Structure formats: structure tokens, C-alpha cells
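The values are calculated or read from the model by the stated rules, or taken from the named source; none is laboratory data. Not measured: the values here are computed from a predicted model. Positions of Cβ are backbone-derived with ideal geometry, glycine not excepted, and every protein chain shown enters the neighbour counts.
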Amino acid sequence: MTNKKRSLIALTFVIVLLTSTTLFYWFSKQKTQIKEVNVNPEYREVTEKIFEQVLSKIEAVRGLSLNKKVGLKIVDVNWVKKNWGKEFIESASRDLFIEQKIYEALFLINESVNLKKIMYDEYSLFTAAAWQGDIYVVKENFNPYKKIDAEKVLAHEMTHILQGVHFMKPKTETYDSKQAWSALIEGDAMLAGDKFVEEEIFNKSRVSAKTTVKVFNNPFFNPFNYEVIPEPLIKLWLFPYHYGEDFVLYLYKKGGWKEVNNAYLNPPQTTEQIIHIKKYLKNESFLKVPSVKINGSGWEEARNDRLGEHFIYVTLSTWTTEKEAEKASYGWGGDNFTLYLNKRGDYFFTWLIRWDNLNDSEEFYQCLTKALRDGIKAKKLLNGIWGEEGKYIWFKEYKDKVLIAGSSNFEQLKNFTEIN
Ligand SMILES: [Zn+2]
């Protein structure tokens, strides 16, 4: 990793830490009785004061009314790990196992990566969150003495509460549509956070060096710890933040918050629409692509999904340049990814990707070839199969579609290529 890239990632993570995440919509809606954690009275007082200030202004800044009482809860890292981390990891255990298989099969991570552990460790980094209608701040990571950052974080989280009051979450059945929806809500919350502090940043010279870092004694806060997270995962996880704010900012410039609110009535469906907002504005969506089935007994379908343009971009950019990957993933028209698992621990996937035209299809095909040959340096075996021990991949162009298949079982993949 180059230094420039490393500092970019570190910077991005600081931003994400500041804005925090809203992972917890999945959890039970029922209110949890929370046990107060020990908090220094001065810390509590300063935090409560900022909270009240943000609460009194957020409706005017975002142009929506809260219509309900929002509480502030101060918790610590242990509380977060116990109440959110453990619950999430346990309830999503099977999903995380499948996700890890998909990343491995597509050469995005190697077998030494432990996705569950990475996700669990992430919980130490939470700054604040909106959960069950209240705002939670994590005392080791939330620094109320850095006033502007603290306001931004709280305004961001309160915007998530406003979203819950005013807008309906659409059915998001695919990875691609989930990412698109996350980009809208995170982009909205980030922009609202920025707007909230805009005036203060403008007058920044008047803000004195009161911004001490005395509460930052958490070793996890060191952004370089993030190096344990593989870069492709960082790119996938940061998609809503990276692309969401530009998307929402475009709408905001066009017609203010009214235009942003309208997007909730017609939410973006694909990451393609987030990356290329003109496609969203033109209502260019996607075509349904069928799942490609496999023969042979003992296979069970573990995942059927649409991964979308951004996922394809990340897959290619891991093994080629970002520019090549951007160009090759452009012109996406829909896809279908199906993962099969068997009891012997093998995986098999099929991924059929449809392109807008023959040229786009050819571009993707060439870029994928280059990624395998020059990036991954996979060996070319028989029947057009690439790979080596335990990880094989094959792909073929069918006019405006490219079919990719991969497996840990060479024989099974060989049989598949003979009939496709
Ligand atoms: Zn957020």
C-alpha cells in the first residue's frame, strides 16, 4: 500500500468514526433498558450541553421536525461490544460465513482473514449511534471538547432519527439495493452534519484551542490499526459515505432539502445510480438477470444476489488500476450472483453479468482477463479455467453478457465448463 493511499484510508476512517454508523436497524425494535456506565460528571455535563444545542437546532438545519423526544445515553466500549457487537455477530454468524466465502472466491481476501473478528473489533471504534430513537455516544471515542466534530457527529445521528420519523425504508432485497439505500441515508446525514457546522467552520478562527484530546486514550483510535482490514472490504464498507454525500449534495444543489426528501419517495435502486447520478435522474435502472444453476447433487443454494456496479468495480480494482476498473465496470446492466455450498466444505458460484452493449461486455471481459493474468497471476489450466489449488475460476462472453463461475472443486467446475 502506498503512503498516499494509506493516509487516505486513515483519513476516511477518521471521518467514518466521526460520523459513526447506523448498523443497528436490524436489531429488535423493543427498547432496551440500559445500565448507566460510570461517566465523569464534567464529561457528562459538556456532552449533555452540546447534545441540547444540537437538538434545538437540527430541525431548522435539516428542515424536518422531530415530533418526538430524543434521549442521550452515554455508554462505553465494553457496553457496545457486549450489547451490539456480540448480538450482531451471533445473529449474523451464518451471513458472515457466506460473505467471507464470497470474498475469498472472488480473490478479494485470502483465507487468513477472519471477517467475524474484524467486524467484532469494529465495535470498539464506534463514536455514536442512533438506536431505538435515542442517541448513544461512546465515552472513549466521542470527544465533546472538540466541539465542531462533536456537533457534526450528533447532527449526523439526529438526522438518522429524522429519517426514521419521516421516511419509509424500502424493501431492499439485494446487496446492490442495500448499498444504494445506505448511500442515500448516510449522504443525507453527512450533508446535514456539514450544514450544521458550516457557520462555525466559517468562523473557525474564533474557536480557540479548547479542543483538547484528553479523552482519547483508546488505542483502537489509532487509524493505522485499520491496516488489518483488507482494502477491498474498506472500499465496500465505505461506499455509502464515499459516494453518498456527492449524490445527496447534487440533489441539494438542485433543489435544496426538498429535492433530497423527494429521493426518499423514489429511492435509488442500484449502486450504478449512486455513482452516476444522471442515470438515477433519467430513471435508468437494471434488467433482471436469471440465476445460473449447476448440476450435481449435494449442493445447496446459500446466496442469490445482485452485487451491482460498485462491487464489480472493487473486484477489478483489487487486481488492476482504479482507472481500468472504473472503465470496465461502466455500462453495467444487471447481474445475478449465486453461491452454492456442499457438506464437504466446497463452494461453487455462478455470476452472470449483463452489459449495456457488446463493447461494454468486451471491456469487462478483457479487464477480468488482465486481473487474473497480471494481477492475481493465476495459472491458466484446461478448458479456460484459471487458478491453483483449491480456488478456480472460469468465465465466458455471451454477446452482451459475461458468465463467471468459480469453485474450490476443480472437477465440478470442469464439468460445468463442458456444458456452458
Ligand atoms: Zn450514519
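A few points about this structure:
- On the stretch given as the range 291-310, residues that are touching an Asp or Glu at 6+ places or on another chain (Cβ under 7 Å) and not basic (Lys, Arg) total 3.
- Restricting attention to the range 138-148, the residues that are more than 14 Å from GLN53 (Cβ to Cβ) and either not assigned by TED's automatic domain parsing to the domain that holds LEU72 or not hydroxyl-bearing (Ser, Thr, Tyr) (or both) add up to 7.
- Scan of the range 377-406 for residues that are charged (D, E, K, R), outside any loop (DSSP other than H, G, I, E, B) and more than 29 Å from the chain's Cα centre (by Cα), ordered by number: LYS380, GLU388, LYS396, GLU397
- Single residue of the range 37-85 satisfying the filter (of a type in the set (Gly, Ala, Ser) and assigned to a helix (DSSP H, G or I)) that is nearest to GLY133 (Cα to Cα): SER56
- Residues within the range 21-70 that are at pLDDT below 70 and within 16 Å of the ligand (Cβ to nearest atom), tallied: 7
- Applying the set (1) over 22 Å from GLU99 (Cα atoms); (2) of a type in the set (S, T, N, Q); (3) surrounded by 16 or more Cβ atoms within 10 Å (Cβ to Cβ) to SER329 leaves exactly one unmet item: (1).
- Test result for ALA150, within 16 Å of the ligand (Cβ to nearest atom) and part of a strand (DSSP E or B): no
- Scoring MET158 on the criteria (1) more than 15 Å from the ligand (Cβ to nearest atom); (2) touching a helix residue (DSSP H, G or I) at 6+ places or on another chain (Cβ under 9 Å) leaves a single failure, condition (1).
- Residue within the range 387-397 that is crowded, with 17+ Cβ neighbours inside 10 Å, of a type outside the set (A, V, I, L, M), within 16 Å of VAL292 (Cβ to Cβ) and in contact (Cβ under 8 Å) with a residue 24 or more places away in the chain present: yes
- Positions within the range 139-156 being within 16 Å of LYS81 (Cα to Cα) and either modelled with pLDDT under 90 or buried (at least 24 other Cβ atoms within 10 Å of the Cβ) (or both), in sequence order: PHE142
- Tally, over the range 305-336, of residues that are of a type in the set (A, V, I, L, M, F, W, C) and in a helix (DSSP H, G or I): 6
- When residues of the range 169-187 are limited to those that are within 9 Å of the ligand (Cβ to nearest atom) and farther than 19 Å from ASP305 by Cβ, the one surrounded by the fewest Cβ atoms within 10 Å (Cβ to Cβ): ILE185
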